[in-house]
Amino acid sequence: MMKKRVLVVDDEPDIRELLTITLEQMGLEVVTAAKLTKARKLLESEEFDLCLTDMKMPDGNGLELVDHIQATAPHLPVAMITAHGNMEIAVDALKKGAFDFISKPLQLMRLRNLVQSALLLKKETPNPAIPETVLLGESSAIEILKQQIRRVARSQAPIFISGESGSGKELVARAIHFLGARANGPFIPVNCGAIPSELMESEFFGHKKGSFTGAHQDKQGLFQAANGGTLLLDEVADLPLPMQVKLLRAIQEKSIRPVGAEEEVAVDVRILSATHKDLAREIEKNLFRQDLYYRINVIELAVPSLRERKEDIPLLANHFLERFARESGIPVPHLSNNALATLQKYPFPGNIRELENTLERAFTLCDNKLIDAENLALPDFLSEKKVRHQEGGDFVSAGFDSLDDYLAEVEKQIILSALEQNRWNKTATAEKLGISFRQIRHKLKKYGID
């Protein structure tokens, strides 16, 4: 079996020697270059599995080499070596397509983790399939999104996933994780809005026994649980400002300090973030830190709303109905033409989550193998008689100040409906809606539902 080959580009002999020794101890073959011109010639004539390049070179800078590799050998992962604390250069490298970065002075454990992750990327699958169970759809909007996912999955850049509530942001995050070098590592999603502020630091970073009242034993935090994998910060806009400061430091330093611990713990985690809120507006209102925004939003993926991909509704509807039938052990019901036409006319402010809940309700209440329009029981307050819907939605004329207010009312009505169906049993309601008991408690408090 041939050894994996690494190209090291650095003008400092000591750094080249350190990298060569470390990489050869990992069983890799190392080729070095002290200038960009030599590096380009080597890339033209030889095959490599990874390139490590310094930023400042005698005949240019490492960003130029990243551009060159992206243009001539996009399958080759390239990592940037930057000066300590120079996050702007690191972020620029990630935006240009670098796999990852490492700062000087080099931490050998961090270097080994980076190299191992990069070498897990497969050259032979430049256009890998995304399983339908992860991201379903055939519309042009969803195909564009899939192409973007395939591209960003090959790097370790922090990704910000924007989109309306219920549009499938977590599914996009799972797809990025599944297609990347961390696919065999853990995928840890966390709803930032569902964690009480007083427990947030302990939840994210863990704590030591006796560090506070009730800390009866050591606890591993979410960063440690996601070590070697991916951490999804869902609804990141809901983080309080003091926690945003601590999160920013953890992301930049790639280390965390458990509550009550004296020393920091290194963590190897890829950060994905998501929210339905407009973070630029949150920054203007001083509710979100601009420096954290730039750190998590190296690359943004916008998830289309269901209104922008209506041609996917029949496919999604059949997928949900088949799943409900399989779980219930009964034949799959059919949607009447009238029901399907109603679904495709409806604006779905709650997006795919609302479509799923609508079909589950119809599946449960229909008397035979056919689901008709009346079985869908779509909310009256969203009917065309009360809401003048146009492309993009005319929410103001319906009495809503913003899209967020509109979606909040949709969510509230869905929760009330589920509570009534489950005789106000909160545990059963949370299970039906696919959320945790903690989340349902948070939402009931948020909407003032007793």
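Values for this structure:
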read-out	value
All-pairs Cα distance distribution in the range 217-258, expressed in whole percent, bin size 10 Å	24, 57, 19, 0
Shape metrics for the chain, restricted to C-alpha atoms - Rg then Dmax, Å	24.8, 77
Over 21 Å [Cα-Cα, the range 129-206], rounded percent	36 percent
Pairs of alpha carbons in the range 247-364 whose separation is greater than 18 Å (percent)	67 percent
Within the chain: Cβ-based charge dipole about Cα centre, in debye rounded to nearest 20 (Lys, Arg +1; Asp, Glu -1)	620 debye
5 angstrom amide H check on Val8, placed H, neighbours 5+ away	Val31, Thr32, Ala33, Leu52
Carbon/sulfur fraction of accessible area - the chain, other protein chains in place, 1.4 Å, %	49 percent
Cleavage-rule hits (trypsin sites (Lys or Arg not before Pro)) in the range 209-291: DSSP loop, at most 14 neighbouring Cβ within 10 angstrom	Lys209, Lys285
Helix-derived mean residue ellipticity, 222 nm - over the chain, DSSP H n ≥ 4, -39500 (n - 2.57), to 500	-13000 deg cm²/dmol
Kirkwood Rh, Cα atoms: Rg over Rh of the range 197-308	1.01
Relative packing of 329-336, 95-102, which averages over residues the other C-beta atoms within 10 Å, highest first	95-102, 329-336
Principal-axis tilt of helix 313-328 within the chain, Cα atoms, nearest 10 degrees	80 degrees
Using alpha-carbon coordinates, inclination of helix 403-421 to the longest axis of the chain, degrees	60 degrees
Binned Cα-Cα distance frequencies in the range 1-65 - 10 Å width, integer %	23, 54, 21, 1
Hydrodynamic radius by Kirkwood, which averages 1/r over all alpha carbon pairs of the range 134-174, in angstrom	11.0 Å
Cα centre as origin, Lys/Arg/Asp/Glu Cβ charges: the range 101-233 dipole, Debye	700 debye
FRET efficiency estimate (nearest 0.05) - Cβ-Cβ, Asn337 to Leu42, R0 60 angstrom	0.45
The chain: angle of helix 437-446 to the longest principal axis, Cα-based, in degrees nearest 10	70 degrees
The chain, accessible area per residue, ligands and nucleic acids excluded (1.4 Å, Å²)	49 Å²
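The values are calculated or read from the model by the stated rules, or taken from the named source; none is laboratory data. Keep in mind that what you see is a predicted model, and the values were worked out from it rather than measured. As a convention, Cβ positions derive from the backbone with ideal geometry for all residues, glycine included, and neighbour counts pool all protein chains shown. For accessibility, only protein heavy atoms count, side chains too; no ligands or nucleic acids. Shrake-Rupley method; radii C 1.70, N 1.55, O 1.52, S 1.80 Å.
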